[in-house]
Amino acid sequence: MSVTWTNRPPRDEWNKNYRLARVGPKGSVRGIILNRTLSGTRLHYWKGKSVPCNGSKCEACRDGMKPRWYGYVALWNPKTDAVQIAEITDGAADELDRYFARHNSLRGAVLTLSRQGARPNGRIISQVDPPQLSEERLPAEPDVMRCLEKIWGVNENHESVARRSAKTRSENTNGHAEKPAHESQR
Ligand SMILES: [Zn+2]
């Protein structure tokens with residue numbers, strides 16, 4: 001348990017408690033992407049919850065668990081004005097990667113995540129459609145990585161998340177996150 005001190009009131013986007021949206025057995029997740037890029041990391045489902053892999057210090061790895069890569073973007077519903085963070089599987093991320101390669105940004109595009117076929121455990125597929133609204137009508141880009149660190153209960157001391165994301169951000173001010181970790185996992 002650690003205390004998070006701040007020097008100003010919590011007005012930042014990252015301080016909002018956005019809900020994490022996963023595609024359920026039958027449902028789908030849809031919305032307008034607010035982030036320019038996808039943010040991804042490797043996670044374990046360990047002791048009943050998702051925990052980011054902590055690299056060489058990772059207890060879950062030592063327990064013999066393999067981490068899996070997941071990507072995240074904030075999705076906005078223009079009708080309700082609600083923002084949620086969509087979890088995107090390795091396979092479903094390829095479509096976003098292709099869109100990014102063509103347009104150099106995901107922001108404004110319409111993302112639909114759904115299950116392939118009718119099976120509740122069917123693989124998750126994504127569809128990315130071009131923007132329908134102009135950029136200036138979209139809410140600000142939330143800091144997805146900070147939101148996720150809150151959801152996962154990790155902070156700056158958790159090197160695998162905080163430092164890597166800071167590095168990624170400074171190295172890729174214009175671009176996609178460095179080649180997603182899932183590339184090397186295949
Ligand atoms: Zn690990």
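The values are calculated or read from the model by the stated rules, or taken from the named source; none is laboratory data. None of the values given here were measured: they were computed from a predicted structure. Cβ: placed from backbone, ideal geometry, glycine included. Neighbour counts: every protein chain shown.
The criterion of being of a type in the set (D, E), modelled with pLDDT of 95 or more and over 17 Å from the mean Cα position of the chain (by Cα) holds for D129.
Yes/no per residue for (1) among the acidic types (D, E); (2) assigned to a strand (DSSP E or B):
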residue: A74; (1), (2): no, yes
residue: V83; (1), (2): no, yes
residue: E95; (1), (2): yes, no
residue: R98; (1), (2): no, no
residue: R102; (1), (2): no, no
residue: R107; (1), (2): no, no
residue: L111; (1), (2): no, yes
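Please tell me if P25 is within 16 Å of the ligand (Cβ to nearest atom) and either touching a residue at least 40 places away in the same chain (Cβ under 8 Å) or in contact with a helix residue (DSSP H, G or I) (Cβ under 9 Å, 6 or more places away or on another chain) (or both). So P25 fails the test. Inspect segment 56-70 for any residue being more than 20 Å from M145 (Cβ to Cβ) and assigned to a strand (DSSP E or B) and give the result as yes or no. Within segment 56-70, not a single residue is more than 20 Å from M145 (Cβ to Cβ) and assigned to a strand (DSSP E or B). Taken as a whole, segment 51-64 holds no residue that is over 18 Å from E141 (Cβ atoms), of a type outside the set (D, E, K, R) and more than 16 Å from the ligand (Cβ to nearest atom).
For the residues A82, A118, A140, the requirement of being touching a strand residue (DSSP E or B) at 6+ places or on another chain (Cβ under 8 Å) and more than 16 Å from S39 (Cα to Cα) singles out A82. A count restricted to segment 28-48 and to residues that are part of a strand (DSSP E or B), more than 10 Å from the ligand (Cβ to nearest atom) and either without any contact (Cβ under 8 Å) to a residue 24 or more places away in the chain or not small (G, A, S) (or both) stands at 6. Only one of the numbered conditions (1) surrounded by fewer than 19 Cβ atoms within 10 Å (Cβ to Cβ); (2) touching a residue at least 40 places away in the same chain (Cβ under 8 Å); (3) of a type outside the set (D, E) is not met by V51, and that is (1).
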